[in-house]
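J.: My questions will all concern the structure given below.
The values are calculated or read from the model by the stated rules, or taken from the named source; none is laboratory data. Please read these numbers as outputs of a predicted model, since none were measured by experiment. Cβ coordinates were reconstructed from backbone atoms using ideal geometry, including for glycine residues, and neighbour counts include every protein chain displayed. These accessible areas exclude ligands, DNA and RNA; they are computed on the full protein's heavy atoms, side chains included. Shrake-Rupley method; radii C 1.70, N 1.55, O 1.52, S 1.80 Å.
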Amino acid sequence: MSLLSIRNMDVSIGQYAVLHGLTLDVPEGGVFVLLGRNGAGKTTTLRSIMGLWDRPAGSVTFRGEDISSLHTSDIARKGIAFVPENMGIFGGLTVAENMVLATANGKFDPARLKRVYALFPALEQFWNKQAWSLSGGQKQMLAVARAIIEPRDLILIDEPTKGLAPTIIHGMGEAFKDISQSTTILLVEQNFAFAKSLGRDMAVIDDGQVVHTGSMADFAADTALQDRLLSLSMEEGA
Amino acid sequence: MNRTMNRTLSVKIIALTVWGLLLFSPFLFQDVRQVEVAARIAVFIVLVASYDLLIGYTGIVSFAHTMFFGFGAYGVAIALKQIGPGWGAWTLGTLSGVAVSIVVAILIGLLSLRVKAIFFAMITLAAASVALVLASQLSQFTGGEDGMIYSAPDLLKPSTKLLTDAEGDVLRIFDVRMNGKIAAYYFVFITCALMFWAMLRIVGSPLGTVLKAIRENEGRAEGIGYRVVAYRTAVFVIAATTAALAGAVYATWLRYTGPDTTLSFAIMIDILLMVVIGGMGTMWGAVIGATLMVLAQYYLRDLMEVASRATEAIPLLPELLSPDRWLLWLGIIFILLVYFFPAGIAGTIIRGRTK
Amino acid sequence: MKTLGPMIEKAGGVFLLPVAIAILAFVLIGAPSSWLTLTVAGLSMGLMLFLMASGLSLVFGLMDVLNFGHSAFVSFGAFVAATVLAWLGGWVGADSIFLNALALIAAISAAIVFGAAAGWFFERVIVKPVYKDHLRQILITMGALIVAEQLILATWGGTPTNVPRPQFLEGAIILGGSSLEVYRLFAFIVGVVVYAGIYFLLNKTRIGLLIRAGVENREMVEALGFRIDRLFIGVFMLGSALAAVGGAMWAGYETLITPALGAEMMVIVFIVVIIGGLGSIQGTLLGAIVVALMQNYVGFLAPKLALASNMLLMMAILLWRPSGLAPAVK
């Protein structure tokens, strides 16, 4: 049974259908990558899972339970974390306060905190700094750190490499590999090289529907398919 | 599609009937008070339509519409009072009222439309109360709380004989005296009808189309390349100018200008109610809203008085029905309308029963 | 010039504005004793304005709701407190500070309870159906203000209501030739205590952390697993209770109140939150003090221009900082 499955999801903004009949299964474990052109509906898919649209049509099942009508906060408490494209950092709060908010009861699990420090040493260094003063990469680290400070079953991450320097992207990739050993990651990514290096399974969304799904290894080998589904929007190593 | 057009047509027919009644009202209703009501309806149609241009076509809420109305009225009043009755003074007063309105509207518009839409409502409210406070404090110019009484230009004075019969008396047509009063009424009617027509043209023009695009989706309109702030400021200036002109006309008709007739917050509430009752963003709805509200103001209060007296024996009821509670009921009706009937009368007719 | 900017920033940045205004006023007024009286009056009025405005600012910051009916809570607080003080007339006039204080506490508590209850009703009935719809929100809360004002008019009548002041708050202290009213000093202290309380709540508690985070990014707080709507009703009630306390304090300051009080204060409260920046409690305090100082100084120098001067100040500050002096980080 898959960890998360979406059935026939429809989302429209005004009169524009963003998703129509999207159906997707995310198996447990590893990194599942969502690919697709700009505006294909990837971000909308993540937001819909998180309950951030007003009641989209269709169903979202998580561990066999329908979560599509739950409130965002309850979805989070079911064990799904969200790292949005804009990272959702509270700039006026310190790094520590950002992290405290991500805990369920205001207390850190020492082992988990230690792991966060190990993955992202910069956060320990700037622990009492206001979050707006962090660099783009550090903010992204903080956003991911918030998602793993409590035990989660699934982390939704929206374009974490956007605007980051290559060395930081590399470090982020290592962290994701580490995290994905214990937690499933559903990753939306435009950077194909990054996606390829992490993904176990993948799906391509186009025009609000899943048009291809399979293993990342197969997809990476089939350049013709890549050209057809992603056209030129994602170049190798971009 | 056809049904929508039919429905739109019926709204237009209702509105045109009102205009028709206004055209002949001195002949249809010979009571002084009824002509007073007709003139007030005509002025408020323009005032409400110009407000609708703002709230209905751009979605921004201003609480300063009475301020511009007041600028026009005070412009005419001060000019007629200081210089004396005459068309020269009248024109000067009107133009200065309009000029002040334009300058203030541009200032407020550039400042607050740039910032945040919600600030606009607050800033216009603050500006309007400053205008009100200044009008009552600078009494050597404005007459303070008491306002000003002055004479209209000769043609519009009640004592003027417009047409005379063989004996040199005022000629009567269908029993209506052809004096300055009737000239004043038609002065109001014609200027208001012209302004309403002009606003209909604006809404139907390419500018109107752009405004609708901005109202529907501001981000997208910006993306297409419309300079939203510039358009909004332009509309704000047009609305302000029209309100000032309406104020000038109303001041000419009343031959009295004071805070209560033009600047007061109560009038702002009236305008809001009229635009919501009539239907925001329909323009024709302004005619329906203004007519219903003015009629209610003149006649429903009398009715409340009667009802309050009739229920004197019952506890609480006369208290609630007293004309003093007029605003309480208006407020409640207003809230209910915005909740359950946001399209207003015209909007609901046009859209039909299905939502 | 280059070194001046950072220096000002280091010394407190925009928070120096009230000091600058006070110094300028000192020069213009010339008489130190009048200046001191006006400054104390300004500071105490500023803290009362802060009480009235803080709820409006927080509610806007947290939920993007602009409540035009906020000043109704101010009016209700004023009239409820006045009524309680009138009932307890014996205690108010008594020669015992204990009884005086008891009457005062009763009046303020009544204002708090009433304000919180009215806030609850307002949020549930008036505001909740129109979240995210600014146009209707403005119209409906404005309608609610009219209704509230009319209810006050119907309950307390149109003639000015007298507000009895507890005996121990009457009189003035003479300090170096300037007379400082005891009531003003008291209002100042109450305001400072409330500010400290809010500051503690926001910065030292978990609820405060959630509020601050919610002001910045509501969606993300929910995505971390918290219900913001439940938090919001609490903040709304707190805000209206504070406004009611502000109204109660103001009633004692004016000693004669009319139902128009709310509408009069609304404009000033709006200017305060626009100048200070919506969503931040420090900004609101700053805006309140700046506005109140201006009001008092200009009221002394050119009485007719007091409100207009604040309007001009608001315009100038908006040109300089479009989001106000110290808005919440968004």
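J.: Would you mind putting B:318-324, C:132-138 in packing order, based on average other-beta-carbon counts within 10 Å, highest first?
T.: The most tightly packed comes first, giving C:132-138, B:318-324.
J.: So what is the relative contact order of chain B, in percent, for Cα pairs below 8 Å that sit 6 or more residues apart?
T.: Across chain B, relative contact order equals 29 percent.
J.: Could you order peptides C:67-74, C:14-21, B:179-186 by the average number of other Cβ atoms within 10 Å of their residues, highest first?
T.: C:67-74, B:179-186, C:14-21
J.: Further, regarding this structure: Could you calculate the contour length gain from B:Thr91 to B:Asn217, that is, 0.36 nm times the residue separation minus the distance between their Cα atoms, to one decimal place in nm?
T.: Extending this stretch completely gives an extra 41.3 nm.
J.: Would you calculate a helix-derived [θ] at 222 nm for chain A, using -39,500 (n - 2.57) for each DSSP H run of n ≥ 4 and dividing by the full residue count, to the nearest 500?
T.: -10000 deg cm²/dmol
J.: Right, something else. Can you compute 3J(HN,Hα) from phi for each residue in the range B:269-275, using the Karplus curve 6.51 cos²θ - 1.76 cosθ + 1.60 with θ = phi - 60°, rounded to whole Hz and x for Gly and Pro?
T.: With coefficients 6.51, -1.76 and 1.60, one gets 5, 4, 4, 4, 4, 4, 6 Hz.
J.: Hey, what number do you get for chain B at 222 nm if only DSSP H runs of n ≥ 4 count, each worth -39500 (n - 2.57), divided across all residues, to the nearest 500?
T.: Rounded to the nearest 500, the figure is -23500 deg cm²/dmol.
J.: Any chance you could list the semi-axes, whole Å, largest first, of the equivalent ellipsoid that the Cα gyration tensor gives for chain B, using √(5λ)?
T.: That gives 32, 26, 23 Å for the three semi-axes.
J.: With θ set to phi - 60°, apply the Karplus curve 6.51 cos²θ - 1.76 cosθ + 1.60 along the range A:205-215 and write out the HN-Hα couplings as whole Hz, x wherever there is a Gly or Pro.
T.: Rounded to whole hertz, the list is 9, 9, 6, x, 9, 7, 9, 7, 8, x, 8.
J.: May I ask you to list, by number, the DSSP H helices of chain A whose Cα span along the axis is at least 20 Å and whose average Kyte-Doolittle hydropathy reaches 0.0 or more?
T.: Those that clear 20 Å and a mean of 0.0 are A:166-180.
J.: With solvent modelled as a 1.4 Å probe, how much accessible area in total do chains C and B shield from it at their shared surface, in Å² to the nearest 100?
T.: 3600 Å²
J.: Further question on the same structure: Which residues of the range C:283-309 bury at least 40 Å² of accessible area once all protein chains are present, versus their chain alone (1.4 Å probe)?
T.: Residues shielded by partner chains are C:Lys304, C:Leu307.
J.: What ranking, highest mean first, results for peptides C:55-66, C:257-268, B:325-336, C:199-210 when packing means the other Cβ atoms within 10 Å averaged over each residue?
T.: So the order, starting with the most tightly packed, is C:55-66, C:257-268, B:325-336, C:199-210.
J.: Count, for each residue of C:312-320, the Cβ atoms from other chains sitting within 10 Å of its Cβ, then give me the mean as a whole number.
T.: 3
J.: Continuing with the same structure: A 27 angstrom limit on the alpha carbon distance is what I want to check against. Which of A:Lys129/C:Lys128; A:Lys107/A:Lys129; A:Lys78/A:Lys114; A:Lys107/A:Lys196; B:Lys212/C:Lys132 exceed it?
T.: A:Lys129/C:Lys128; A:Lys107/A:Lys196
J.: Over the protein assembly as shown, with every protein chain in place, what whole percent of the accessible area is carbon and sulfur at 1.4 Å, could you tell me?
T.: Exposed carbon and sulfur together represent 64 percent of the surface.
J.: Within a 10 angstrom radius of each residue's Cβ in C:117-127, how many Cβ atoms of other chains show up on average? Whole number is fine.
T.: Taking all residues of C:117-127 together, the mean is 0.
J.: Rounded to two decimals, what ratio of Rg to Rh does the protein assembly as shown give with C-alpha atoms and a Kirkwood Rh?
T.: 1.02
J.: Over chain A, what is the relative contact order in percent, taking alpha-carbon pairs closer than 8 angstrom and at least six residues apart?
T.: Dividing the mean separation by the residue count of chain A yields 28 percent.
J.: If every alpha-carbon in the range A:4-230 counts as one equal scatterer, what log10 I(q)/I(0) does Debye give at q = 0.11, 0.16 1/Å?
T.: Log-scaled intensity ratios, in q order: -0.54, -1.13.
J.: Ok, one more. When ligands, DNA and RNA are left out and all protein chains stay put, how many square angstrom of accessible area per residue does the range B:2-351 have with a 1.4 Å probe?
T.: Normalised by residue count, the accessible surface of the range B:2-351 is 42 Å².
J.: Near the amide H of A:Ala57, under 5 Å away, which other amide H atoms are found, from residues 5 or more places off or on another chain, if H is placed in the peptide plane?
T.: When sequence neighbours closer than 5 places are left aside, the close amide H contacts are A:Asp10.
J.: Considering amide H positions built from the backbone, and no H for Pro or chain starts, which residues 5 or more places from A:Leu35, or on another chain, come under 5 Å of its amide H?
T.: Amide H neighbours of A:Leu35: A:Ala203, A:Val204, A:Ile205.
J.: Moving to a separate point now. Could you provide, to the nearest whole Å², the per residue accessible area of the range C:36-320 with probe 1.4 Å?
T.: Computed with neighbouring chains in place, this is 34 Å² per residue.
J.: Taking each residue in A:91-102, count the Cβ atoms of any other chain within 10 Å of its Cβ, then average. What number comes out?
T.: Average per residue, whole number: 4.
J.: Run lengths n ≥ 4 of DSSP H only: what is the helix-derived mean residue ellipticity at 222 nm for chain C, with -39500 (n - 2.57) per run over all residues, to the nearest 500?
T.: -25000 deg cm²/dmol
J.: Net charge near B:Asp260, counting Lys/Arg +1 and Asp/Glu -1 over other residues with Cβ under 11 Å of its Cβ?
T.: -2
J.: Assuming R0 = 25 Å, what is the FRET efficiency of A:Ser59 and A:His170, from their Cβ-Cβ distance, to the nearest 0.05?
T.: Given R0 = 25 Å and the Cβ-Cβ separation, E is 0.10.
J.: Now for a separate question. Rounded to whole Hz and in sequence order, give me ³J(HN,Hα) for the range C:139-155 from the Karplus expression 6.51 cos²θ - 1.76 cosθ + 1.60, θ = phi - 60°, writing x for Gly and Pro.
T.: 5, 5, 5, 5, x, 5, 4, 4, 4, 4, 4, 5, 5, 5, 4, 5, 7
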